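Peer 1: Sending over a structure as structure tokens; questions will come in a sec.
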Amino acid sequence: MWKEIEAAPADAILGLTEAFKKDKNPGKVNLGVGVFKDDAGTTPILNCIKTAEKKLVETETTKGYLPIPGNPAYGAGVQKLLFGADSEVIRSNRAATLHTPGGTGALRTGADLLKKFKPAAKVWVSTPTWANHKGIFTAAGYEIADYPYYNAETKGVKYDELIETLEGVPAGDVVLMHVCCHNPTGVDLVGEQWDKVVEIAKAKGWTPFLDFAYQGFGDSIEEDRAAVEKFAAAGIDFVVASSFSKNFGLYNERTGAFTIVTPSAEETAVALSHAKLTVRVNYSNPPAHGGLAALTVLADDALYEQWIDEVAGMRDRIKAMRAKLVDGLVARGVEQDFSYIKEQRGMFSFSGLSDDIVEWLKVNKSIYIVKGGRINVAGLTSKNIDYVCDAIAEALKA
Ligand code: PMP
């Protein structure tokens with residue numbers, strides 16, 4: 001049956017990695033795919049996870065199926081991170097969490113669940129957003145609408161336009177928002193701006209769908225969840241897709257969570273019952289290992305402390321590379337102002353490099369950057385930073 005069918009294009013980001021792998025230049029640099037790398041250029045297993053895994057090997061007694069929503073202790077651990085241990089949402093059982101295969105699995109579970117009860121709802125996404133957002137919601141049958149977000153001139157958020165658009169989103173539609181470390185721009189809403197968004201969501205009755213893939217990569221586990229706490233305090237319906245891929249380094253263990261919050265424990269129980277049906281016909285029940293490893297860390301005070309330190313280490317390394325990149329370009333006489341890269345948060349930087357420059361860097365220097373200019377700052381190391389700064393400076397003068 002495939003004879004007449006044209007091959008699908010490679011995924012824009014993962015396809016870049018394929019091209020990178022084929023490149024024979026020993027000095028090649030991959031600033032494309034969004035995984036953390038340490039200064040040696042590797043994506044390490046966190047020490048806290050290594051210790052947890054050793055414990056698991058010694059104590060695990062079965063590989064039997066997990067329940068459809070996963071291990072309840074995992075859900076409880078996720079909720080403490082999302083809302084804070086003494087949150088009212090937790091005390092009043094207004095939240096239900098399902099362990100999902102990564103943040104992607106959480107997004108798709110949420111998309112399918114909401115579609116069932118709001119079949120005509122559109123999903124609103126930021127301009128720009130992580131490319132897979134559109135893919136996931138389109139696959140779930142949604143029409144996609146865009147809200148203004150990144151301002152390429154000010155390198156900030158188009159706040160007024162964003163607010164105006166959100167004011168006009170019809171009740172029942174879904175609005176997808178990045179909680180922190182916006183991918184791809186690295187530019188987030190702050191403090192009172194979130195208050196305003198929550199106020200509009202409550203007044204207009206659209207459903208906030210929060211994507212929380214980078215908790216801990218902005219400022220800290222606690223500070224990064226500020227927006228989630230504000231939505232929780234509003235007493236409205238919303239959902240959260242969260243992921244331990246980045247902050248626990250559990251990328252290939254597919255360890256994420258889908259959390260539903262409603263105004264009451266009763267409504268949450270109903271929502272959970274339907275979410276379970278959604279999961280059952282999709283992947284049936286989640287993979288266990290990553291969740292067990294994360295839970296082992298979360299449940300042990302010493303391992304938890306170690307994890308907090310390791311997350312801080314990843315965050316600080318990325319911040320240090322931002323500074324080195326900006327200062328390195330200044331030192332090479334680049335006149336264009338790149339100082340905003342220091343202010344951006346999380347793993348990504350919307351570098352401001354044009355598609356022509358991005359292409360030039362790939363062809364001439366074997367430096368791989370996603371079209372649109374998104375740089376994975378964690379791909380920079382003390383070994384390649386000078387090469388990258390030299391190359392960008394040359395490209396801008398060329
Ligand atoms: N949301 C955003 C914004 C992301 O950047 C990512 C990962 N690139 C995800 C969700 C999905 O993460 P996971 O790998 O856990 O599926």
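All of the numbers you see were taken from the coordinates with simple rules; none came from a lab. Because the structure is a prediction, the values reported are computed rather than measured. FYI the Cβ positions are ideal-geometry reconstructions off the backbone, even for glycines, and counts take in every protein chain you see.
Peer 1: Taking other Cβ within 10 Å of each residue's Cβ, how do 255, 104, 127 sort, fewest first?
Peer 2: Exposure proxy ranking, most exposed first: 127, 104, 255.
Peer 1: Separate question: For residue 126, enumerate residues with amide H under 5 Å from its amide H, sequence gap 5+ or separate chain, H modeled in the peptide plane.
Peer 2: Distant-sequence amide H within range of residue 126: 147.
Peer 1: Using only DSSP helix segments of four residues or longer, with each worth -39500 (n - 2.57), what per-residue ellipticity at 222 nm results for the chain after dividing by its residue count and rounding to 500?
Peer 2: Taken over the chain, the calculation gives -14500 deg cm²/dmol.
Peer 1: Here's a follow-up. Taking the number of other C-beta atoms within 10 Å as the exposure measure, put 88, 18 in order starting with the fewest.
Peer 2: Result, fewest neighbours first: 18, 88.
Peer 1: Report Rg(Cα)/(2.2 N^0.38 Å) for the chain, keeping two decimals.
Peer 2: Output field value: 0.99.
Peer 1: Report for the chain the percent antiparallel among DSSP-assigned beta bridges with both residues inside it, nearest 5.
Peer 2: If we restrict to bridges inside the chain, about 50 percent are antiparallel.
Peer 1: Would you mind putting 377-388, 61-72 in packing order, based on average other-beta-carbon counts within 10 Å, highest first?
Peer 2: Ranked from most to least packed, the peptides come out as 377-388, 61-72.
Peer 1: If I model a spin label at residue 398 and residue 371 as a point 7 Å from the Cα along the Cα→Cβ vector, what separation in nanometres do I get?
Peer 2: About 1.8 nm, to one decimal.
Peer 1: To continue, here is another question. If I model a spin label at residue 23 and residue 359 as a point 7 Å from the Cα along the Cα→Cβ vector, what separation in nanometres do I get?
Peer 2: Going from the residue 23 label point to the residue 359 one covers 1.6 nm.
Peer 1: Hey, which of these cross-link pairs are over 24 Å Cα-Cα: 155/383; 118/202; 24/397; 22/155?
Peer 2: Over 24 Å Cα-Cα: 155/383; 24/397; 22/155.
Peer 1: Okay, moving on. In nm, to one decimal, how far is the residue 50 label point from the residue 252 one, both placed 7 Å along Cα→Cβ?
Peer 2: If labels sit at residue 50 and residue 252, their model points lie 1.7 nm apart.
Peer 1: Provide the gained length on full extension for the span residue 277 to residue 61, in nm with one decimal, where the gain is 0.36 nm per separating residue minus the Cα-Cα distance.
Peer 2: Here the answer is 75.0 nm.
Peer 1: Counting Lys +1, Arg +1, Asp -1, Glu -1, what net charge surrounds residue 32 among other residues with beta carbon under 15 Å of its beta carbon?
Peer 2: Overall, the nearby charge balance is +3.
Peer 1: Excluding residue 41 itself, calculate the net charge of residues whose Cβ lies under 13 Å from the Cβ of residue 41, where each Lys or Arg counts +1 and each Asp or Glu counts -1.
Peer 2: Result for the neighbourhood of residue 41: +2.
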